[in-house]
Structure formats: C-alpha cells, structure tokens
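Asker: My questions all concern the structure below.
The values are calculated or read from the model by the stated rules, or taken from the named source; none is laboratory data. Everything numeric in this text was worked out from a predicted model, so none of it was measured. Ideal geometry is used to build each Cβ from the backbone, glycine not excepted, and the neighbour counts take in all protein chains shown. Note: accessible area is taken over every heavy atom of the protein model, side chains too, but ligands, DNA and RNA are not part of it. Shrake-Rupley method; radii C 1.70, N 1.55, O 1.52, S 1.80 Å.
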Amino acid sequence: MTSFPTILLLPFSWLYAAVLAARNWLYDRGWKESTAFDEVPVLSVGNLRVGGTGKTPHVAWLVAWLQARGQHPALLSRGYGRRTRGYRLATAADSAATVGDEPWQQFGQFGEAVPVAVSEDRVAGIRQLLSEVPAVTAVVLDDAYQHRRVRPALNILLTEQQRPFYADQVLPAGRLRESRAGAARADAVIITKCAPDLSVAARAAITAQVRRYARPEVPVLFSAYDYGPPMPVPGTAAGRVSGPASGSEVLLLTGIAQPGPLLTHLAAAGYRVAHHARFADHHDFTPAEIATLAAQCQLGQCVLTTQKDAARLQESALAASVADLPVFYIPITVRFLADGEARLVALLAPYFPLPAVG
C-alpha cells in the first residue's frame, strides 16, 4: 500500500518525471546533440535509481573481462564527492578527495594498467582521455545512464532484486532519477544483489516485470555477490594483527547506500556485529567520527568496512586517526546466475572480436 506521505509527493514526482521525459524526447529525436565515438566502443553502466545498485563491482567485472579479451580499457566517471573540478586522470598522487571514492577504489584495484579518469563533461572527458592515452581500446562509463550527451555502443542498466525500478517512483516520492520508461534505452538489464539460489520461477516473474518497460529483445540477467575474506586496509593497524575469525565480535563502518546485503553476509559468515557506525553514501569521514569508532573498539575486536569506504579511510587527514585501528575491508566480486555471463558475453563479443589465429 502506498503511504500517505508518498501520495502527497506524487504530484511533484509527476512534474519532475515530465521534465525529464521532455528532455529524453529531445535527445531521442536528435534535437539535443548526443555524441557517439567511432574510435573505440563506449560501454555505459548505470541505473534508474539513486544509489546502491552495485555499479562498482559490475564495472570491475566488465574491465576484467575486457582485459582477458586482450583489450586495453579505461574508466571514466563524474567523480562524485571529489573536491576538484574538470577532467582529471588519476595517478598515485591522487586520493578519494581529488577523484572521488569509487574512481580511487578502481585505481587501487587495477593500478596503472587501467586508466581511471573523472570529468563532469563525459564527451570532453572521453576525448581528452583518448588523446592522452591513445592505447585505450574501450571506455567504460561508470554511472552515466542519464548522461544523454554521450551515445554509448552499449547501455547496461542495473537494478536491485530487493528494490527494482519497476516497483519504485520518481523523486521525491520514490528514488528513481527518471521514469520507468527510461529502461527502454537499455541494451541489457542486470538484476543485482540476487539471492544465489534465486529460483527459475522468481527469475521469470522479475523478467516479466522488466519486459513491461525494456525492449523485448533485451536480455534480462541476474547476478549475485561473492564476498572474499577480510583484507587489511593500508595505513591501519590491520597489517599488524590477524584478521577476524568467524564467530568473533566485530565493529562495522559503512558509508554506502545499502549496507543490508553486507550485514546479511557477515551474519551468515558467523561474525557478530557489536556496533554499526552507519553513514550516508559517499560520506566524508572525519577524525572525530573515527575517534568515536575507536572508542567503541574493545581489545581483540576488528573493524570491518567496504572497499569503497576503505578508499576514503586512506585520506591523509585521517592517517593519524586510523593508524592504530585494525580495519579490514570485505572484497566483493560479481557472479552471474544461470547463463547470465554467457548471454552478456554474447552481447559484448561483437564489439571486441578475438584476433585471427594463424
């Protein structure tokens, strides 16, 4: 049942959706300019909903697949939450403050093998990236589904199993950035953060709902998270102690939109969360907040966090605060259910043919 506050907000949602629909209509008819790039395939990964659909691990899967295919991918995002402006190509001298937490996490994950750049203007950003790094053979746009000024070769739309776009409303009554009709631009729809044992019947029911908005030929795929063992966060005391054992009591620090799946994993893995310091997505941690967390940490306890939050904890302003705190992050990788990986590869492969043999 729709709540009374939501009902009150619906007229504002309809107005917002109408403005965005008019904008999309102008792009669809070519009356607003949209740039395609012939030099390299541009792959866009994004969502209709604000926050928390699992873009970063899916982008990592895509980059790893491109590398295994013999390609030289680069990443470009807006760099949400950074304190700089304009185009910037990440280097070892950067941080989450200069490029944003997710790009900094990606730079740490792939190193200099994968150029990571940020730019509010994606068209100018792609052009400058290709000019500076001519070896790039593919550009992956992180969180660019609504950035209509770029016309990607493939548009990959993510939506959570627990919070699907087809059951949501446009802001402010809901969390959608645009109406559900925006799913029609997708070349693939991935249902993320699924239960690993999601049944065939459940997948069919979800697919039927997605088909009400996406094009009929578009594949609807399903993915789940695989969680790795805790890894020490550089600059913290984690490198001097053993990681937390299953069954131990831990503290949890999160600044992400949806910590629920992580909490579920920790419980299933046998960890007991004694205290959860929960902050909003992309939260800029302060020394005072870390000091408060440290005061909660008892002898023998460790702090667990996400890989994205770990990127922000390595800011120089927090170095003294975290130096004696044993902080470990939980790595996440994406696993596709059923034949999802094969179907996605079939969609990508024509843009990245294997070299001829002989």
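Asker: Cβ contacts < 6 Å: first residue under 11 Å from Ile126 (Cβ atoms) and open to solvent by 40 Å² or more (accessible area, probe 1.4 Å), restricted to the stretch 143-161; second residue among the β-branched types (Val, Ile, Thr) and at pLDDT 95 or above, any location; separation 6+ or different chain. Result?
Answerer: Sorted first by the residue in the stretch 143-161, then by its partner, the pairs are Arg149/Val123.
Asker: Select from the stretch 246-269 the residues that are hydroxyl-bearing (Ser, Thr, Tyr) and surrounded by fewer than 16 Cβ atoms within 10 Å (Cβ to Cβ) and list them in ascending order.
Answerer: Within the stretch 246-269, the subset hydroxyl-bearing (Ser, Thr, Tyr) is 246, 248, 254, 264.
Once the filter is applied, which keeps residues that are hydroxyl-bearing (Ser, Thr, Tyr) and surrounded by fewer than 16 Cβ atoms within 10 Å (Cβ to Cβ), the stretch 246-269 yields Ser246, Ser248, Thr264.
Asker: Right, something else. Right, Ala124: part of a helix (DSSP H, G or I), modelled with pLDDT of 95 or more and of a type in the set (Gly, Ala, Ser) or not? Give the steps one after another, and end with the answer.
Answerer: Numbers: part of a helix (DSSP H, G or I): yes; modelled with pLDDT of 95 or more: yes; of a type in the set (Gly, Ala, Ser): yes.
So Ala124 passes the test.
Asker: Going by what's in this entry, would Arg88 be described as modelled with pLDDT under 95 and either open to solvent by 10 Å² or more (accessible area, probe 1.4 Å) or over 22 Å from Ile190 (Cα atoms) (or both)? Step through it out loud before you land on a result.
Answerer: Values: modelled with pLDDT under 95: no; either open to solvent by 10 Å² or more (accessible area, probe 1.4 Å) or over 22 Å from Ile190 (Cα atoms) (or both): yes.
The answer is no for Arg88.
Asker: Considering Thr137, Thr159, which residue is of a type in the set (Val, Ile, Thr), under 24 Å from Val42 (Cα atoms) and touching a His at 6+ places or on another chain (Cβ under 8 Å)? Step through it out loud before you land on a result.
Answerer: On the way: Thr159 fails: touching a His at 6+ places or on another chain (Cβ under 8 Å).
Only one candidate passes the filter, namely Thr137.
Asker: Please identify the pairs in which a residue from the stretch 58-81 that is under 15 Å from Val40 (Cα atoms) and among the hydrophobic types (A, V, I, L, M, F, W, C) has its Cβ atom under 7 Å from the Cβ atom of a residue that is in a helix (DSSP H, G or I) and open to solvent by 30 Å² or more (accessible area, probe 1.4 Å), counting only partners at least 6 apart or on another chain.
Answerer: Within 7 Å, the pairs are Val63/Phe110.
Asker: Sticking with this one: Is there a residue in the stretch 105-122 that is more than 20 Å from the chain's Cα centre (by Cα) and either open to solvent by less than 10 Å² (accessible area, probe 1.4 Å) or closer than 29 Å to Leu20 by Cα (or both)?
Answerer: The answer is no, given that none of the residues of the stretch 105-122 is more than 20 Å from the chain's Cα centre (by Cα) and either open to solvent by less than 10 Å² (accessible area, probe 1.4 Å) or closer than 29 Å to Leu20 by Cα (or both).
Asker: Name every residue in the stretch 27-55 that is of a type outside the set (Asp, Glu) and open to solvent by 60 Å² or more (accessible area, probe 1.4 Å), in order of residue number. Let's see the steps before the verdict.
Answerer: Initial filter on the stretch 27-55 (of a type outside the set (Asp, Glu)): 27, 29-32, 34-37, 40-55.
Once the filter is applied, which keeps residues that are of a type outside the set (Asp, Glu) and open to solvent by 60 Å² or more (accessible area, probe 1.4 Å), the stretch 27-55 yields Arg29, Trp31, Lys32.
Asker: Looking at (1) touching a residue at least 40 places away in the same chain (Cβ under 8 Å); (2) surrounded by 15 or more Cβ atoms within 10 Å (Cβ to Cβ), find the lone condition where Ile290 falls short.
Answerer: (1) is the only condition that Ile290 fails.
Asker: Conditions first: (1) exposed (fewer than 14 other Cβ atoms within 10 Å of the Cβ); (2) touching a Phe, Trp or Tyr at 6+ places or on another chain (Cβ under 6 Å); (3) of a type outside the set (Val, Ile, Thr). Gly243 passes all but one, so which condition is the exception?
Answerer: Result: Gly243 passes all but (1).
Asker: Further, regarding this structure: Quickly run through the stretch 32-82 and pick out the residues that are modelled with pLDDT of 95 or more, among the β-branched types (Val, Ile, Thr) and in a helix (DSSP H, G or I).
Answerer: Within the stretch 32-82, Val59, Val63 qualify.
Asker: Here is a further query. Can you give me the number of residues within the stretch 164-216 that are out of contact with any strand residue (DSSP E or B) (no Cβ under 6 Å at 6 or more places or on another chain), open to solvent by less than 30 Å² (accessible area, probe 1.4 Å) and either assigned to a strand (DSSP E or B) or modelled with pLDDT under 95 (or both)?
Answerer: Within the stretch 164-216, residues that are out of contact with any strand residue (DSSP E or B) (no Cβ under 6 Å at 6 or more places or on another chain), open to solvent by less than 30 Å² (accessible area, probe 1.4 Å) and either assigned to a strand (DSSP E or B) or modelled with pLDDT under 95 (or both) number 2.
Asker: Report yes if some residue within the stretch 11-19 is in contact with a strand residue (DSSP E or B) (Cβ under 8 Å, 6 or more places away or on another chain), over 30 Å from Pro134 (Cα atoms) and open to solvent by less than 50 Å² (accessible area, probe 1.4 Å); otherwise report no. Before the answer, list the steps.
Answerer: Here is the first cut: in the stretch 11-19, the ones in contact with a strand residue (DSSP E or B) (Cβ under 8 Å, 6 or more places away or on another chain) are 13-14, 16-17.
Now narrow it down to the ones that are over 30 Å from Pro134 (Cα atoms): 13-14, 16-17.
Still in the running and open to solvent by less than 50 Å² (accessible area, probe 1.4 Å): 13, 17.
Checked the stretch 11-19: at least one residue is in contact with a strand residue (DSSP E or B) (Cβ under 8 Å, 6 or more places away or on another chain), over 30 Å from Pro134 (Cα atoms) and open to solvent by less than 50 Å² (accessible area, probe 1.4 Å).
Asker: Suppose the filter is in contact with a helix residue (DSSP H, G or I) (Cβ under 6 Å, 6 or more places away or on another chain) and open to solvent by 60 Å² or more (accessible area, probe 1.4 Å); does Gln296 pass it?
Answerer: Against the criterion (in contact with a helix residue (DSSP H, G or I) (Cβ under 6 Å, 6 or more places away or on another chain) and open to solvent by 60 Å² or more (accessible area, probe 1.4 Å)), Gln296 does not qualify.
Asker: Here's something else I'd like to know. Check whether at least one residue in the stretch 299-308 is among the aliphatic types (A, V, I, L, M), buried (at least 20 other Cβ atoms within 10 Å of the Cβ) and free of Cβ contacts under 8 Å to residues at least 40 places away in the same chain, and report yes or no. Walk me through how you get there before you give the answer.
Answerer: So the first thing to find is which residues in the stretch 299-308 are among the aliphatic types (A, V, I, L, M), and the list is 299, 303-304.
Applying the additional criterion that residues be buried (at least 20 other Cβ atoms within 10 Å of the Cβ) yields 303-304.
Subset that is free of Cβ contacts under 8 Å to residues at least 40 places away in the same chain: none.
There is no residue in the stretch 299-308 that is among the aliphatic types (A, V, I, L, M), buried (at least 20 other Cβ atoms within 10 Å of the Cβ) and free of Cβ contacts under 8 Å to residues at least 40 places away in the same chain.
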